[in-house]
Amino acid sequence: MKTRVLLPLVTSLLAGSAAALTVAGTVDGSVPANTRLGAWVVTPFGQPVEEVVGVPVRAERFSLDLPTTAPGSKALAPLTPQNVTWPGVIDPVAVSGQAQVAELKFFTYVDTNNNGRRDSNEAMREVMPTAGRATLFVVWVSGDVTVKANKGYVAGLKSGWNALLVDVGRAVNVQPYRADVSLTVRMTK
């Protein structure tokens, strides 16, 4: 009898654990020694709150394994049309349901003391990983929701972390990011 109860519990726990999402690619431009690339949860206004993963840039390459866990509560905000200031989103914005949301942005910094994390004296520079003309956009949502906006923007988001490639032209094309797509981060002065 205990086995019948335990098996469905273990099965549901395994089914609920999301697979790790890896974003990888190259860095184009001058890369100073000890440069790190970090994925940071940001406020709806774009200020970094918490680094969820960071890696050293080695031989102009990076590979970030995004977390499978939810971001901290101070990084979460209600998903409303007013706080959707994502790449490619132009008013009017419609959200299909209620959810909490946290956005990731990518930053580089020089780890001057080589301690594997950013210290307050280490300047951050926002960078945008791209694949061709498309920009990588990563967001966490607490439940399945669809965000629609002008020019054909449609993002169907599943509970957890979502990585999307957003291509803005006459229309906005939103596609799920695939691990076989190589990204480029451009370092400029």
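The values are calculated or read from the model by the stated rules, or taken from the named source; none is laboratory data. All of these numbers come straight from a predicted model, not from anything done at the bench. Virtual Cβ from ideal backbone geometry, glycine too; neighbours counted across all protein chains shown. Only protein heavy atoms, including side chains, enter the accessible area calculation; ligands, DNA and RNA are left aside. Shrake-Rupley method; radii C 1.70, N 1.55, O 1.52, S 1.80 Å.
Across the stretch 35-73, the number of residues qualifying as in a strand (DSSP E or B) and of a type outside the set (S, T, N, Q) comes to 22. Scoring M187 on the criteria (1) closer than 21 Å to A24 by Cβ; (2) open to solvent by less than 30 Å² (accessible area, probe 1.4 Å); (3) at pLDDT 95 or above leaves a single failure, condition (3). When you check T112 against the structure, is it farther than 29 Å from V27 by Cα and either among the β-branched types (V, I, T) or touching a Phe, Trp or Tyr at 6+ places or on another chain (Cβ under 9 Å) (or both), yes or no? Spelling it out, it is not the case that T112 is farther than 29 Å from V27 by Cα and either among the β-branched types (V, I, T) or touching a Phe, Trp or Tyr at 6+ places or on another chain (Cβ under 9 Å) (or both). Residues in the stretch 123-141 that are more than 19 Å from G46 (Cβ to Cβ) and surrounded by fewer than 20 Cβ atoms within 10 Å (Cβ to Cβ): A131, G132, R133. Might you check whether a residue that is assigned to a strand (DSSP E or B), open to solvent by 30 Å² or more (accessible area, probe 1.4 Å), in contact with a Phe, Trp or Tyr (Cβ under 8 Å, 6 or more places away or on another chain) and acidic (D, E) occurs anywhere in the stretch 154-170? Scanning the stretch 154-170 turns up no residue that is assigned to a strand (DSSP E or B), open to solvent by 30 Å² or more (accessible area, probe 1.4 Å), in contact with a Phe, Trp or Tyr (Cβ under 8 Å, 6 or more places away or on another chain) and acidic (D, E). Output the residue which, of all residues in the stretch 19-52 that are surrounded by fewer than 17 Cβ atoms within 10 Å (Cβ to Cβ) and hydroxyl-bearing (S, T, Y), is modelled with the highest pLDDT. Checked the stretch 19-52; the qualifying residue modelled with the highest pLDDT is T26.
Annotation note: of V147, V138, V185, V174, the sole residue that is assigned to a strand (DSSP E or B), in contact with a Pro (Cβ under 7 Å, 6 or more places away or on another chain) and in contact (Cβ under 8 Å) with a residue 60 or more places away in the chain is V185. One residue stands out among those in the stretch 74-89 that are open to solvent by less than 30 Å² (accessible area, probe 1.4 Å) and not in a loop (DSSP other than H, G, I, E, B): the one that is nearest to V31 (Cα to Cα), which is A75.
In the stretch 171-184, the qualifying residues are those that are under 22 Å from E126 (Cα atoms) and more than 14 Å from the chain's Cα centre (by Cα), and the one that is most open to solvent (accessible area, probe 1.4 Å) is S182.
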